[in-house]
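The values are calculated or read from the model by the stated rules, or taken from the named source; none is laboratory data. Source: prediction; values computed, not measured. Glycine gets a Cβ as well: all are built from the backbone with ideal geometry, and neighbour counts include every protein chain shown.
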Amino acid sequence: MLQPEALDFKRQLERDGVPAPAAGIDMDLVRDCIHCGLCLPKCPTFRALHHEGDSPRGRMWQIKEASLGLVGFDDPRFQAHIYQCFNCRACETACPSGVQFGAVMEMARALTPPQNRRDRTIRALLLNGLLPHPRRLRIAGWLYRLTRSARLPALLRRTQAWKILPLGKFAAFPPVGDTAPRRPALAPLTNGLDARRGRVGLLTGCIQDEMFRGTNRRTALALAANGYDVVVPAEPVCCGALPSHAGESKTAARLAARTMNAFTALGIDAVIVNAAGCGSNMKEYELQLRDDPQRREAGAAFSRTVKDASEFLIDGGMRAPARRIRLRVAYQDPCHLVHGQKIHRQPRQALKLIPGIELVEMTESDWCCGSAGVYNLTHPEIAEQALSWKVQHIVDSGAQVIASANPGCILQISMGLQRAGHDLPVVHVMDLLGWAYGDQTQRPPVVLKAMA
Amino acid sequence: MGIEARVKPLPGHQISVEQQRLMSVDGLLPSKVMRPEDAGDAAAGLRLCDLGPAAVIVWGGGTQMRLGSVPRRYEIAFSTEGMTRMLEYQPADLTCRVEAGMRLTDLQATLAAQGQRLPLDPPRPERATVGGMVAANANGLGRARYGTVRDWVIGIAVAYPSGKVARAGGKVVKNVAGYDLMKLHIGALGTLGVVAEVNFKVQARPEAQATVLGHFDAALPAIGAATSLARQYLAPSAAIVIDRHVLWACGLTADWRWALALKLEGYGREVDAARDLAVRAVRDAGGRVEGQDIPAAFWDAARDWSAPPDEVVLLRAITPVGKLPAVVAAIPADAQTLSQPASGIVDLRLPAATAATGLKGLRAAAGEEGQVVVLSAPASVKPGLDVWGPPPPGFPIMRALKQALDPNGIVNPGRFVGGI
Amino acid sequence: MEPVKLESLLRQLREVVGERYAFADPYEVRLYQYDASPETALPDIVVIPGTAEEVARVVKLCADAGIPITARSAASSLAGGTVPVERGVVITFARMDQILEIDSDNLRAVVQPGVVNLALSQALKPLGYYYVPDPSSQGACTIGGNVGTNAGGPHTLLYGVTVNHVTGLEVALPSGELVQVGGKKAAEATGYDLAGLLVGSEGTMGIVTRIWVKIQPLPPTQKTLMAVYPDVETASNAVSAIVRTGILPAAIEMMDKLSIQAIEAASHAGYPLDAGAVLLLEVDGIPELAEELGQRMAKVCRENGATEVRVARNEAERQALWKGRKGAFSAMGRLSSDFYVMDGVVPRTKLPDTLARIDAISARTGYRICNVFHAGDGNLHPLVLFDAFKPGQYEAVLRIGDEILKLCADAGGSVTGEHGIGLEKRENIRYVFSDDDLEVMDRIRRVFDPHRLMNPGKVFPSDGLAPSAHETLPGYPRRQAAAIGAGDDLWV
């Protein structure tokens, strides 16, 4: 096979003049990377696969070469490396040059279809077929909770059937969360307690609302306990995070527009998000709507009102809850919070404000657990490797409860721990806050004991 | 060497019988002497010897001439006594460049005038030369804190048998251009060429100094105290464990079985804190600290103890620190010892008669990771001692290096490891 | 190279390391054409061995086949040291990243070459120790790479560079042997100091598969000061003044105006944007001493023209100051799409003059040059900013680099302090070494590697001394000595 020559700008300039990059690629963003390599030790897929092509620098290089026409966007090897990325953006935190890796990766993914059939099926079913459709989503959620209330997880574990069924491991090892098919709806307005400080909207989300409505309720409670009126949109909205991170840019843009409309109508000071992936996505609407000159500016303005729940509470001066929870808790940084939104301090501070909680740090708390949106479905083998590191670090930390801030991470880590035989509940930071502010539902036994 | 070479006239100057005797090595006498005046001169002289071929033994101050195996041949005494200049010295850069024949006390005096020093203290600096120190890798008691010759040489000029002078390194403290040939020549005993010029980095003299002297009934607790102090941030600049004979040789009169002497250097506050730490370490290890007057020349005498008079054999064991107890257990009863535990070094003086047995026992104790070398031995017993021990790993490469740089084997033939 | 020969080599390599870890797919090997320098060249085969024994077998297979071997680890070389300029096989250490032993009794650690520099210090920290050399890229660069280049870093001013902290190496030689030179004990071994020779040989003699390093106790406290100066000249003179007092800080770093702007944009380290130059000084010691030395240094700084001296009050402030410095090169991405880093050294006393001359070059050529460097040991890192997409700029920048390195050499310094000669400075090495010097070095290299197959095309000039069988390959930017060695007359 004839190999194109090495990427040598000098020769190229002599021969072809100044290069014109591929359409849909912002070459300035691509060229921010100076291939210094500082990102490599922070990349989970590089650690798992040992291949430069699966490192952030290698991926930037491939995108640069593809943008300059040296390799094809449709090359299956290009697609493989691009889709093998968690898009956890740990490399962004490591990068001193300020490369916006997530943005570049999403541009690249938008230009190349996913490589394997599994990936395409999941996209068709989940990202395009389910998430954008509130009715279908509600039915799926109802079915999921029905299986839990019918004790299907125990059956799956006993028969080992989870090993062969699609999504079997998630069904057999479910997280702390909603288990009843029918649940009370979240009140359209929760009034702030004590001195009123403002009015905020709460994104209930798609998967979050179907599996963790209890967490949403506790988030609303925590906000209310801090003096905020909390409103939720009448019609549930999906912010488009999963499609966006997977490169499904059209679906993502449509959902972004819908989300903005839903909240703009509510007359609020801030949009509060308790799912890190959603928050990160909603803070980048400007980027997603870059091809829509009318909405682009509005997107930027909207993004400025979006706050992660712990960010909002801590930065506004959180009131310490009254109830004591005597627990050793480790915090797992969701990638889209720590790398995507650069929020590291606030969730920890929120936990420390709960009386009785001892916060312990686990090794590599800011490493991806392998959930990575739909990655654990599209690339289960690599995701499992990342999960095994995570489980080990959690066990080594000696924590009794793991707190995180994103439904995907909670699902994945919870499954990993239970499957490995560790009875360590994984909950949301807002769960612990909500319980400390007085909510009494869905408390796992270890929390009950710690509050007795 | 062949008959043919022997009939050729040898290069160099005639020397008197008296001079011949002064420049003998392990009983061998030179026929002629060469006294080059600079690096180029040295290279030209070596080239003549190479054409001979005439075997050369390089002489500096002569303090390390009893190190090494018995030479295979010896025709020319190659003396650096004509190369004694300080070529460059810029105190604000903390660097200098000197010729190999410069005496260490002369170098230190020049540096001291600027409040600086080279923190290397090989034995008998009033005679030892810079070149000899480099070739023999002769270090003193400060090695655990300040490192060894390799940590202070930043550049080198070497005269080779090819007649060329080649340099490596440079005059700046940080430099990775080209190969680090300084390392190759340090401790090579002049078997790859004649070190002609050396560039050093130097340091400011410490603001304060103190000595702590402790004594023990057994060697191991003293060694334990020294190694535990070496792991501290405020590690002593020298820590030696000596028996009573060495203690007396260093000018003290106390009748202690074992003594631990600690030299503390640094900024004033540091030395104060280090003294407290040292006293505590000695007491924790079961030793006693007494307000003994320490003679001014104590440390100089301790340093020079490792360059003994002719009639004794001096051995040096170097092992990982964990192996020290095994080595100490193997020390013959008639030995005198000075050890530097932090560096895993034990020096022993043995009577000539029992040297061979002692050496064997120590080698067994030091094990594969350690080594025992004969640093000095009278000509009468040396042929019966395996001076270097078994060739180290990588020896084929070493022999090939010798072959590449000195193909006719004229510089210091036979004195180095494995007969190099 | 003949495709048949490569195909059979690939087959043999796969028998050693497994199918997955040896590949020649043209798409995949393209990802091993670069490092952190602007140089690129394509390899034929990439191998990712998992053990020292595998490395030795790989090296032997390549050597027997007469195929060049280039070792690569983090590939953060700024000198093209890991670019396979004569093609052949690239060996990477992504799988050999284990700390094998920490022996605090002997103050040693034993590591595989792929261990990240900072990872070692992080593993040692709970035990109260650290590994001293701390290149600015320490978050990514590996100990194996550090050994190859004899890497330095800010804190080597007081404690020395990599070679001062390595006591033993296990190395795979072209002969197929796996030899251990030195080891745990003090580096006063019998025989030639091969470990010392191999450190900094840039992979041209053998491939290091295991490393014994010294570790040392963490300093009880570190006092970090930032001194602000109106210009680099005043700051440089202050450096000499500090050294003259007899205090040798653990680090003295300088950043000029342009660097400060880039760093502030990237990391908000807290450097004043209106400063002409900033010195970052650090002293180690027991708390009361560090405090005293900090005050003494602050006084010297003020007496020598500092407009402001700020002392980091806590570890967070100290980390912020250092984060800015350590991320400085990469932060240049904020000022310019491309930049070219140099690594010259001058005697400390020549700093003001050298910096003024570099300024003049910038003014004459119109290229912005910023300076962020280890002032304490005179190790300059001028960065020339340019745009690789603009025709002619890359060549112009190379000429500027050449001129600056000549300047350093003429001032009694060196053309590289810590990055290595690599590919980029192989012609510049002539500024500091004569043909006789280089001939001896090449002779020594050939003792290890008779056919010059180990990282060929590096360290030695391309035109004569070290010709090898693979000189005339297409596809990499070969710079002729004649074209760039001419100095000033190229500037009309």
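Go through the range B:380-400 residue by residue and tally those that are part of a helix (DSSP H, G or I), over 22 Å from the mean Cα position of the chain (by Cα) and facing another protein chain (nearest Cβ under 8 Å).
So the answer is 2.
I need the full set of residues from the range B:190-216 which are more than 19 Å from B:Met102 (Cβ to Cβ) and hydrophobic (A, V, I, L, M, F, W, C), in order please.
B:Leu192, B:Ala204, B:Ala208, B:Ala210, B:Val212, B:Leu213, B:Phe216, listed by residue number.
Tell me which residues, restricted to the range C:188-199, are touching a strand residue (DSSP E or B) at 6+ places or on another chain (Cβ under 8 Å), aliphatic (A, V, I, L, M) and at the interface with chain B (Cβ under 7 Å from one of its Cβ atoms).
C:Ala189, C:Leu194, C:Val199
C:Gly333 versus (1) touching a helix residue (DSSP H, G or I) at 6+ places or on another chain (Cβ under 7 Å); (2) within 30 Å of C:Ser77 (Cβ to Cβ); (3) not in a strand (DSSP E or B): which is the lone unmet condition?
Of the numbered conditions (1) touching a helix residue (DSSP H, G or I) at 6+ places or on another chain (Cβ under 7 Å); (2) within 30 Å of C:Ser77 (Cβ to Cβ); (3) not in a strand (DSSP E or B), the odd one out for C:Gly333 is (1).
Just to verify a result, which residue in the range B:201-214, among those that are outside any loop (DSSP other than H, G, I, E, B) and surrounded by fewer than 22 Cβ atoms within 10 Å (Cβ to Cβ), is farthest from the other protein chains (Cβ to nearest Cβ)?
If we take residues in the range B:201-214 being outside any loop (DSSP other than H, G, I, E, B) and surrounded by fewer than 22 Cβ atoms within 10 Å (Cβ to Cβ), then B:Thr211 is farthest from the other protein chains (Cβ to nearest Cβ).
In the range B:70-128, how many are over 19 Å from B:Lys171 (Cβ atoms) and aliphatic (A, V, I, L, M)?
Here the count works out to 8.
Suppose we keep only residues that are under 30 Å from A:Cys95 (Cα atoms) and within 13 Å of another protein chain (Cβ to nearest Cβ) within the range C:265-312. Which one would you say is surrounded by the fewest Cβ atoms within 10 Å (Cβ to Cβ)?
C:His268
Yes/no per residue for (1) part of a strand (DSSP E or B); (2) in contact (Cβ under 8 Å) with a residue 60 or more places away in the chain:
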residue	(1), (2)
C:Ala238	no, yes
C:Ala241	no, yes
C:Pro249	no, yes
C:Met254	yes, yes
C:Ile260	no, no
C:Glu264	no, yes
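Filter the range C:408-430 down to the residues that are within 9 Å of chain B (Cβ to nearest Cβ) and either aromatic (Phe, Trp, Tyr) or under 26 Å from C:Arg72 (Cβ atoms) (or both) and list them by number.
Listed by number, the residues that qualify are C:Ser414, C:Val415, C:Thr416, C:Gly417, C:Glu418, C:His419, C:Gly420, C:Ile421, C:Lys425, C:Asn428, C:Ile429.
Name the residues in the range C:200-228 that are at the interface with chain B (Cβ under 9 Å from one of its Cβ atoms), assigned to a loop (DSSP other than H, G, I, E, B) and touching a Lys or Arg at 6+ places or on another chain (Cβ under 8 Å), would you?
Residues satisfying the conditions are C:Ser201, C:Glu202, C:Thr204, C:Met205, C:Leu218.
Test of understanding: among C:Gly376, C:Gly417, which residue is within 18 Å of the chain's Cα centre (by Cα) and over 12 Å from C:Met342 (Cβ atoms)?
Exactly one of C:Gly376, C:Gly417 is within 18 Å of the chain's Cα centre (by Cα) and over 12 Å from C:Met342 (Cβ atoms), namely C:Gly376.
Could you tell me which residue of the range A:74-92 is nearest to the other protein chains (Cβ to nearest Cβ), considering only residues that are farther than 21 Å from A:Asn376 by Cα and surrounded by fewer than 20 Cβ atoms within 10 Å (Cβ to Cβ)?
The selected residue is A:Asp75.
Could you pull out the residue among B:Leu229, B:Leu141 that is more than 7 Å from chain C (Cβ to nearest Cβ), crowded, with 24+ Cβ neighbours inside 10 Å and part of a helix (DSSP H, G or I)?
Selected residue: B:Leu229, the only one of B:Leu229, B:Leu141 that is more than 7 Å from chain C (Cβ to nearest Cβ), crowded, with 24+ Cβ neighbours inside 10 Å and part of a helix (DSSP H, G or I).
May I ask you to list pairs of residues, at least six apart or on different chains, whose Cβ atoms are under 6 Å apart, with the first in the range A:186-202 being farther than 11 Å from A:Ala220 by Cα and the second being of a type in the set (D, E, K, R)?
A:Gly198/A:Asp269; A:Arg199/A:Asp229; A:Arg199/A:Asp269
Pick from the range B:161-181 the residues that are touching a residue at least 40 places away in the same chain (Cβ under 8 Å) and among the aliphatic types (A, V, I, L, M): which of them is farthest from the other protein chains (Cβ to nearest Cβ)?
B:Val165
From (1) more than 12 Å from chain B (Cβ to nearest Cβ); (2) on the phi > 0 side of the Ramachandran plot, pick out the condition that doesn't hold for C:Gly246.
Just one mismatch for C:Gly246, condition (1).
Looking only at residues that are crowded, with 22+ Cβ neighbours inside 10 Å and of a type in the set (Phe, Trp, Tyr) in the range B:70-127, which one is farthest from B:Gly140 (Cα to Cα)?
Looking at the filtered set, the residue picked out is B:Tyr74.
Condition first: within 12 Å of another protein chain (Cβ to nearest Cβ) and either assigned to a helix (DSSP H, G or I) or farther than 22 Å from B:Gly147 by Cβ (or both). Now tell me which residues in the range C:121-137 satisfy that.
C:Gln122, C:Ala123, C:Pro126, C:Leu127, C:Ser136, C:Ser137
Answer yes or no as to whether B:Gly163 is under 24 Å from B:Arg399 (Cα atoms) and over 18 Å from the mean Cα position of the chain (by Cα).
Here the answer is yes, as B:Gly163 does meet what is asked.
Under 6 Å between Cβ atoms, at least 6 apart or on separate chains: pull out the pairs that start in the range A:25-52 with a residue that is farther than 13 Å from C:Ala74 by Cβ and facing another protein chain (nearest Cβ under 10 Å) and end on any residue that is modelled with pLDDT under 90 and not in a helix (DSSP H, G or I).
Within 6 Å, the pairs are A:Met27/A:Pro21; A:Arg31/C:Ser337; A:Asp32/A:Ser97; A:Ile34/A:Ser97.
Could you tell me whether any residue of the range C:107-114 is under 20 Å from C:Val459 (Cβ atoms) and at the interface with another protein chain (Cβ under 10 Å from one of its Cβ atoms)?
No - not one qualifying residue is present in the range C:107-114.
Examine the range B:48-67 for a residue that is under 18 Å from B:Gln203 (Cα atoms) and part of a helix (DSSP H, G or I), and state whether such a residue exists.
no
Looking at the range B:4-31 only, could you name the residues that are closer than 25 Å to B:Ala157 by Cα and either part of a loop (DSSP other than H, G, I, E, B) or at pLDDT 95 or above (or both)?
The answer is B:Pro11, B:Gly12, B:Met23.
For every residue, the table says whether it meets (1) modelled with pLDDT of 95 or more; (2) outside any helix (DSSP H, G or I); (3) surrounded by fewer than 18 Cβ atoms within 10 Å (Cβ to Cβ); (4) within 9 Å of chain A (Cβ to nearest Cβ).
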residue: C:Leu6; (1), (2), (3), (4): no, no, no, no
residue: C:Arg11; (1), (2), (3), (4): yes, no, yes, no
residue: C:Arg14; (1), (2), (3), (4): yes, no, yes, no
residue: C:Leu31; (1), (2), (3), (4): yes, no, no, yes
residue: C:Pro38; (1), (2), (3), (4): no, yes, no, yes
residue: C:Pro43; (1), (2), (3), (4): yes, yes, no, no
residue: C:Pro49; (1), (2), (3), (4): yes, yes, no, no
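If only one of B:Asp180, B:Asp217 is outside the structural domain of B:Gln108 (by TED's automatic domain parsing) and charged (D, E, K, R), which one is it?
Result: B:Asp217 is the single residue among B:Asp180, B:Asp217 that is outside the structural domain of B:Gln108 (by TED's automatic domain parsing) and charged (D, E, K, R).
Facing another protein chain (nearest Cβ under 9 Å), at pLDDT 95 or above and either outside any loop (DSSP other than H, G, I, E, B) or out of contact with any Leu (no Cβ under 8 Å at 6 or more places or on another chain) (or both): does that describe B:Val195?
So B:Val195 does not fit the description; no.
Among the helices (runs of 4 or more DSSP H) confined wholly to the range A:67-131, which include 2 or more residues that are basic (Lys, Arg) and over 21 Å from A:Trp367 (Cβ atoms)?
So the answer is A:117-122.
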